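The structure under discussion appears below in the form of structure tokens.
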Amino acid sequence: CVVCGRSFSSRGLLKVHLRVHSGERPYHCPYCDKNFRQSSHLSVHIRIHTGEKPYSCLSCGKRFSDRSACNRHVKAH
């Protein structure tokens, strides 16, 4: 990165990183005014609106919209 000197293994990763410096957020939520730097962040956000919860706790069956929330819950068992 010419701005901060960080190195990346691919041009694609560098391109995404440069959005941190430019403030570019090209992925727009169709449900609200939020914008995201990465399409994957938009996909996770959209689940808030749709109610989709694809991750579930194997111990109790509780469902979650994102993997990290599910993992935190599982550790509490």
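The values are calculated or read from the model by the stated rules, or taken from the named source; none is laboratory data. Keep in mind that this is a model prediction, so the values were computed, not measured. Backbone-built Cβ (ideal geometry, glycine too); neighbour counts: all protein chains shown.
Here residue 3 meets each of (1) in a loop (DSSP other than H, G, I, E, B); (2) modelled with pLDDT under 95; (3) of a type in the set (A, V, I, L, M) with one exception, condition (2).
Among the criteria (1) modelled with pLDDT of 95 or more; (2) more than 16 Å from the chain's Cα centre (by Cα); (3) among the basic types (Lys, Arg), the one residue 25 does not fulfil is (2). Test residue 54 against the criterion of being surrounded by fewer than 14 Cβ atoms within 10 Å (Cβ to Cβ) and in contact with a strand residue (DSSP E or B) (Cβ under 9 Å, 6 or more places away or on another chain), and give yes or no. In short, yes.
Only one of the numbered conditions (1) within 30 Å of residue 2 (Cβ to Cβ); (2) surrounded by fewer than 14 Cβ atoms within 10 Å (Cβ to Cβ) is violated by residue 30, and that is (1).
Hey, any hits in the range 36-51 for a residue that's loosely packed, with under 13 Cβ neighbours inside 10 Å, under 30 Å from residue 75 (Cβ atoms), out of contact with any strand residue (DSSP E or B) (no Cβ under 7 Å at 6 or more places or on another chain) and not hydroxyl-bearing (Ser, Thr, Tyr)? Yes, the range 36-51 contains at least one residue that is loosely packed, with under 13 Cβ neighbours inside 10 Å, under 30 Å from residue 75 (Cβ atoms), out of contact with any strand residue (DSSP E or B) (no Cβ under 7 Å at 6 or more places or on another chain) and not hydroxyl-bearing (Ser, Thr, Tyr).
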